[in-house]
Amino acid sequence: MQKSECHGGVQLRNRVTGNCDQRISSSTQIKNRTTVQRSKSSSSTSSPESTRKHPRPSDKLNPKTINPFGEQSRTPSAFAAIYSKGGIPCRLVHGSVKHRLQWECPPENLPFDPLLITLAEGLRETKHPYTFVSKEGFRELLLVQGAADKAVPLLPRLIPVLKAALAHSDDEVFERGLNALVQLSVVVGPSLNDHLKHLLTSGSLIIIKAKIPTYCSICC
């Protein structure tokens, strides 16, 4: 009887121990699977591939276009800030062939001070739509009747701004500044002569001489 009882006790103890081992093993496997799943989840969220922005087709077509919904790497320029707040009284109208500006009121009714200077400062922009708005706005404002009388008093303030555009490292900015200077010279005439000596450099003199009208004595 003692051997039978001992044998039965050993079997019961082994059965209990086996069940405990199975439960411990199952618990360990569940914990391992949970740890692996958490590890995969954290790696997928922090993976560079998951955080990498996919390029859009428009990025290739117009890489310099400003993204109003993206994070800006630097503080917006003065012109960009004014434009975003509606300080430029015109808006860009996208056409199928070419863009154009739509003014809130006739340009001849707008004060040149400080609008013409603000548009001249925008010539140094390198992103769309600022580049188009500043260039086209400056040109159209100088085409209004009586533009000469409004622009001549602003020459001391316009010249340093145009000089900054001509000294810019971007070739397109230089071209916009040069075109704006030519447009301004056509409107104000000889009144520009006294200011050109502060504007021209030896490197740009040859280029500007071919574009500025002959009445500019410094170029002739």
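The values are calculated or read from the model by the stated rules, or taken from the named source; none is laboratory data. Keep in mind it's a predicted model, so treat the numbers as computed, not measured. Each accessible area value is taken on the protein alone, full model and side chains, heavy atoms only, with ligands, DNA and RNA left out. Shrake-Rupley method; radii C 1.70, N 1.55, O 1.52, S 1.80 Å.
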| Here are some pairs, 85/150; 98/163; 98/127; which of them have Cα atoms lying more than 23 Å apart in this structure? | 85/150; 98/163
| query | So, with a 1.4 angstrom probe, what is the percent of accessible area on region 76-217 that is carbon and sulfur? | reply | 54
| field | Accessible area, probe 1.4 Å, largest first, for residues 77, 185 | value | 77, 185
| said: If each residue of separation counts as 0.36 nm, what is the full-extension length gain between residue 99 and residue 182 once their alpha-carbon separation is subtracted? | reply: 27.7 nm
| task | Compare 126, 131 by solvent-accessible area with a 1.4 Å probe and give them largest first, with all protein chains kept in place. | result | 126, 131
| query | Which value, in nm² and rounded to one decimal, describes the direction-averaged projected area of the C-alpha convex hull of region 76-217? | reply | 8.7
